[in-house]
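The values are calculated or read from the model by the stated rules, or taken from the named source; none is laboratory data. No experiment lies behind these values; they were computed from the predicted model shown. Positions of Cβ are generated from backbone atoms using ideal geometry, with glycine treated the same way; all protein chains shown enter the neighbour counts.
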């Protein structure tokens with residue numbers, strides 16, 4: 001039976017956001033985050049033990065006052081553990097995310113997305129994922145995102161955002177630099193019966209032909225890559241298309257990202273905030 005490396009630590013509340021950003025920049029996977037007295041307890045699992053130990057060392061250097069524990073755990077135990085804390089997630093009025101064992105076909109006036117909780121980031125529990133789906137649903141209700149449009153899901157992770165758009169009648173492409181995420185995304189799009197509506201590939205924005213344009217471009221990644229790829233990301237949005245950026249901390253970080261994109265000549269974004277995270281939306285790029 002294969003094993004995973006379990007990494008866990010408790011961090012003071014004032015350092016939790018910084019720790020979360022560190023983890024998401026090093027590990028394109030989900031992690032369990034539990035509130036504790038004056039802080040948060042974070043737990044993650046990695047299949048690559050050498051990589052995991054390297055991340056442990058880097059974390060200790062970055063946060064020397066935090067005690068980090070690591071141990072081996074059987075992968076089947078990890079998979080079963082999801083059933084103890086994975087609850088359905090409502091993302092606005094449009095989407096509801098469920099694990100396979102809770103999907104019973106019930107009609108509750110929402111669009112169901114079935115996600116198999118594994119190692120890839122994007123179960124809907126993270127605020128940036130939920131905020132993105134809520135925003136996509138809101139734009140669909142306003143008839144800005146429509147059936148038969150095309151989309152690019154950059155940093156697709158588990159494929160959850162792409163699946164949501166496919167279920168709204170769109171067709172598109174999902175890219176991620178992590179091969180493991182794409183393996184998981186393939187499984188999820190099949191579970192949701194939308195595998196004919198989305199092409200998945202390992203890579204980033206440079207994989208696309210320069211002439212390839214999309215009606216909707218969604219990038220739920222970190223602010224640094226969003227800034228670095230600003231010109232390339234915008235170049236793949238059709239004139240009058242929709243651009244959605246997430247994975248951004250509200251406040252100064254969101255201001256910085258918005259400013260970089262504004263300087264590319266696409267105007268000011270609409271801003272959607274959920275807790276400490278912000279989603280930037282341009283409803284008509286270039287118009």
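Limited to segment 201-214, what total is found for residues that are closer than 26 Å to residue 254 by Cα, in contact with a strand residue (DSSP E or B) (Cβ under 8 Å, 6 or more places away or on another chain) and surrounded by fewer than 21 Cβ atoms within 10 Å (Cβ to Cβ)?
The first filter runs over segment 201-214 and keeps only residues closer than 26 Å to residue 254 by Cα, leaving 203-206, 213-214.
When the remaining residues are screened for being in contact with a strand residue (DSSP E or B) (Cβ under 8 Å, 6 or more places away or on another chain), the result is 203-205, 213-214.
Filter once more, keeping what is surrounded by fewer than 21 Cβ atoms within 10 Å (Cβ to Cβ): 203-205, 213.
Residues meeting the conditions: 4.
Would you be able to say whether some residue in segment 244-254 is outside any helix (DSSP H, G or I) and at pLDDT 95 or above?
Start the filter on segment 244-254 by keeping residues that are outside any helix (DSSP H, G or I), which leaves 244-251.
Next, only the ones that are at pLDDT 95 or above stay: 244-245.
Within segment 244-254, one or more residues are outside any helix (DSSP H, G or I) and at pLDDT 95 or above.
When you go through (1) within 19 Å of residue 136 (Cα to Cα); (2) free of Cβ contacts under 8 Å to residues at least 24 places away in the same chain; (3) surrounded by fewer than 17 Cβ atoms within 10 Å (Cβ to Cβ) one by one for residue 275, which number turns out not to apply?
(2)
One line per residue, one yes/no per condition, for (1) in contact with a strand residue (DSSP E or B) (Cβ under 6 Å, 6 or more places away or on another chain); (2) under 22 Å from residue 100 (Cα atoms); (3) crowded, with 23+ Cβ neighbours inside 10 Å:
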{"position": "136", "(1), (2), (3)": "no, no, yes"}
{"position": "142", "(1), (2), (3)": "no, no, no"}
{"position": "161", "(1), (2), (3)": "yes, yes, yes"}
{"position": "167", "(1), (2), (3)": "yes, yes, no"}
{"position": "178", "(1), (2), (3)": "no, no, no"}
{"position": "183", "(1), (2), (3)": "no, yes, no"}
{"position": "198", "(1), (2), (3)": "yes, yes, yes"}
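For residue 123, are the conditions met, namely being closer than 18 Å to residue 186 by Cα, modelled with pLDDT of 90 or more and in a loop (DSSP other than H, G, I, E, B)? Walk me through it before giving the result.
Working: closer than 18 Å to residue 186 by Cα: yes; modelled with pLDDT of 90 or more: no; in a loop (DSSP other than H, G, I, E, B): yes.
Spelling it out, it is not the case that residue 123 is closer than 18 Å to residue 186 by Cα, modelled with pLDDT of 90 or more and in a loop (DSSP other than H, G, I, E, B).
Check 241, 251 and return the single one that is assigned by TED's automatic domain parsing to the domain that holds residue 111 and at positive phi. Give the steps one after another, and end with the answer.
Numbers: 241 fails: at positive phi.
Matching residue, one of 241, 251: 251.
With surrounded by 23 or more Cβ atoms within 10 Å (Cβ to Cβ), closer than 18 Å to residue 94 by Cβ and either out of contact with any helix residue (DSSP H, G or I) (no Cβ under 6 Å at 6 or more places or on another chain) or in contact (Cβ under 8 Å) with a residue 12 or more places away in the chain (or both) as the only criterion, which of 147, 129, 156 stands out? Talk me through it step by step, then tell me what you get.
On the way: 147 fails: surrounded by 23 or more Cβ atoms within 10 Å (Cβ to Cβ); 156 fails: closer than 18 Å to residue 94 by Cβ.
So the residue among 147, 129, 156 that is surrounded by 23 or more Cβ atoms within 10 Å (Cβ to Cβ), closer than 18 Å to residue 94 by Cβ and either out of contact with any helix residue (DSSP H, G or I) (no Cβ under 6 Å at 6 or more places or on another chain) or in contact (Cβ under 8 Å) with a residue 12 or more places away in the chain (or both) is 129.
Just the residues that are under 23 Å from residue 21 (Cα atoms), surrounded by 11 or more Cβ atoms within 10 Å (Cβ to Cβ) and at pLDDT below 65, please, taken from segment 79-105.
From segment 79-105, those under 23 Å from residue 21 (Cα atoms) are 82, 85-86, 89, 91; that's our starting set.
Restricting the remaining residues to those that are surrounded by 11 or more Cβ atoms within 10 Å (Cβ to Cβ) gives 82, 86, 89, 91.
If the condition is that a residue be under 23 Å from residue 21 (Cα atoms), surrounded by 11 or more Cβ atoms within 10 Å (Cβ to Cβ) and at pLDDT below 65, then 82, 86 are the ones that fit.
Going by the conditions given, is residue 189 in a helix (DSSP H, G or I), in the same structural domain as residue 165 (by TED's automatic domain parsing) and touching a residue at least 12 places away in the same chain (Cβ under 8 Å)? I'd like the intermediate steps shown before the answer.
Details: in a helix (DSSP H, G or I): yes; in the same structural domain as residue 165 (by TED's automatic domain parsing): yes; touching a residue at least 12 places away in the same chain (Cβ under 8 Å): yes.
Yes.
Among the residues of segment 6-51, how many are at pLDDT below 80 and in a strand (DSSP E or B)?
5
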